[in-house]
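Beneath this line is the structure, given in structure tokens, with notes to follow.
The values are calculated or read from the model by the stated rules, or taken from the named source; none is laboratory data. It should be emphasised that the depicted structure is a prediction, and the values quoted were computed from it without experimental measurement. Cβ coordinates were reconstructed from backbone atoms using ideal geometry, including for glycine residues, and neighbour counts include every protein chain displayed. Ligands, DNA and RNA are excluded from the accessible area calculation, which covers all protein heavy atoms including side chains. Shrake-Rupley method; radii C 1.70, N 1.55, O 1.52, S 1.80 Å.
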Amino acid sequence: MIMVLPDRLTKDPRGRSAAIGAVVGLLGGVLALLVVLAGPVMAFGAVIGLAVALVVLTDLHAAFYIMLAVVALLPFGTFPFQIAVTPTLLDGVLGGFFGVYLLQWMTGQRRLFRTTPVTPVVIGFIGIMLFAFLMGLRHAPLSSRVLRSVAEMVLSLLLAIVLVDVMRSAAMLRRAVLALAIWGSLAAVIGIILWALPDMTAESLLNRLGRLGYPVGGVIRYRETPGALLNERAIGAWIDPNAFGGFLLMIGAVISPQVFSRRPVARRRIAALMLAAVVVALFLTDSRGSMLSLGAALVFIAALRYRRLLLIMILAAGLAFFLPVTQRYIDKLEAGLTGQDVETQMRFGEYRDALTLINRHPVIGVGFSGTPEIDLYLGVANTYLTIASHAGFVGLAAYLLMIGSAFGYGAYHYRIIRADPDIADIWLGLAAGMVGIMAGGMFDHFYFNIEQFHATMTLVWIIMGLMLAATRLAVERKANAVAEEIGT
């Protein structure tokens, strides 16, 4: 009887209408109950979340675009419920993305795994990080927080491998970079708007994110000089202005070549507006390290292809020395470079402590759970010292080898890349993003911080994965073109 009932309902229009009405009524009742118990905001959020979850679980590329949106707009958001630990929104999207990807392999929808010569190096780096994690358990207990952080690190690193396989055409790659530019520039616009709003209004808006695990109260960030011009620091939804700055430098580097490109992913004027929003938001974060790192990325772009960008940078730097609005910024930059301000002196202290830790545990570090000595601690505003603290010189060497291999792979095929108008400027922007990351690693640690900045670290490996995919696609397209010529 149970098996026959659906058949009858589908054949009888009245039965089908009754079944649809019953389902709609049931959903309406559940939604009404949710409105009563949790409020209209949570009910609306649940509906949107369910719709997003269905998209993530049915379309791999849509899941990737939503992942970029979460990284850009809600990097620290968590689900409004708790299982064993409270999962983050990024955890959910990452899990959905990898779940759909594996399901495609199991069902035969995806065949012939695409790799690059860098793939074994990435796998080796993951293995070293896991070995350091296991070795660290000798002197520090394992907690659910550390276990989740390590799992997040591994999933994020795997993106550098998986995206090479996922991006199987230049059109896919171009859409991915366009999505990254759109979400990144939107995050920049939100940061500018929140900075421009009265502090109480901005604080009230940001406090609404408390339902998603964000801190409530005292969210707005300031410099140490009350009442000074541009004293407030733009944070967007990133909580930390330096992390927001690091995110913006990566987005700015990716977008920059599109302003000059013959085949931009969006119109040049739109790309220029996106870049302008990102640069303004980055300036408002007052993140000196991120601004210098974006400068390094732009110099890389100018050196490889667009020389006129260097002239624009020189003119912008010259204006900065004379515009009243930038004088305090220039003074802070000078104080940082000369080590005269409090923040820089605190970082010098962190560097000394990190070097002491590395000197005591030079080979494989202390892992991720904690330090064996009470006078040592994990936490230093430098990516390279952070990696060396966790995994010693072995881990640091593996990290540098991995990044160097990605650049070496691109440099070896650069003539092919540059000759492909669909890929050349995309690769250049992604490579510039990696240059900015390497430069920014000298000033900040969130490019490899598994405990607090999972979103930033995820974006690093997304950019690297897309960069590797761009190189592989350029080589593949060239080979196909040659084969067609020989065939004709």
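Give me the dipole magnitude in Debye, nearest 20, for region 285-414 about the Cα centre, with unit charges on the beta carbon: positive for Lys and Arg, negative for Asp and Glu.
Computed about the Cα centre, the dipole is about 620 debye.
Can you pull out the chymotrypsin sites (Phe, Trp or Tyr not before Pro) in region 87-174 that DSSP calls coil and that have at most 13 other Cβ atoms within 10 Å?
Sites meeting the loop and neighbour criteria: Phe113.
Per DSSP helix of 4 or more residues, -39500 (n - 2.57); summed, then divided by the residues of the chain. What does that give at 222 nm, rounded to the nearest 500?
Details: 19 runs with 339 residues, N = 488.
Roughly -23500 deg cm²/dmol at 222 nm, from the helical runs in the chain.
Just to be sure I understand the rule: take each whole DSSP H helix in the chain, project its Cα atoms onto its long axis, keep it if the span is 27 Å or more and its mean Kyte-Doolittle hydropathy is at least 1.6. Which ones pass?
13-38, 144-166, 170-196
What does the charge add up to near Leu158, with Lys and Arg as +1, Asp and Glu as -1, over the other residues with Cβ less than 12 Å from its Cβ?
Working: positive: none; negative: Glu152, Asp165.
The answer is -2.
Please give me the summed charge of the neighbours of Asn480: other residues whose Cβ is under 15 Å from its Cβ, Lys and Arg +1, Asp and Glu -1.
0
Let me check I've understood the local charge: for Thr86, count other residues with C-beta under 11 angstrom from its C-beta, Lys and Arg +1, Asp and Glu -1. What total comes out?
Working: positive: Arg145, Arg148; negative: Asp91.
Within the 11 Å Cβ shell, the charges total +1.
Which residue, chosen from Met313, Gly365, Ala411, occupies the Cα position most advanced towards the positive end of the dipole of region 312-412, where the dipole is computed from +1 (Lys, Arg) and -1 (Asp, Glu) charges on Cβ about the Cα centre?
Selected residue: Ala411.
Have a look at Ile182, Ala253, Thr88 and report the one farthest towards the positive end of the charge dipole of the chain, computed about the Cα centre with Cβ charges (Lys/Arg +1, Asp/Glu -1).
Projecting each Cα onto the dipole axis, the largest value belongs to Ile182.
With a 1.4 Å probe and all protein chains left in place, how much accessible area per residue does region 134-292 have, in Å²?
With the other protein chains kept in place, region 134-292 gives 41 Å² per residue.
Which percent of the accessible area of the chain is formed by carbon and sulfur heavy atoms (probe 1.4 angstrom)? List each step's numbers first, then the result.
Details: 16230 of 23190 Å².
Here carbon and sulfur together make up 70 percent of the probe-accessible area.
Positive end of the dipole of the chain, charges at C-beta (+1 Lys, Arg; -1 Asp, Glu), about the Cα centre: which of Val146, Val460, Leu323 has its Cα farthest in that direction?
Val460
Given H placed on each backbone N at 1.01 Å, which residues far from Tyr222 in sequence or on other chains put an amide H within less than 5 Å of it?
Hits under the 5 Å cutoff: Arg233.
Please calculate how many Å² of accessible area region 296-449 carries per residue, with a 1.4 Å probe and no DNA, RNA or ligand atoms counted.
On a per-residue basis, region 296-449 sits at 46 Å².
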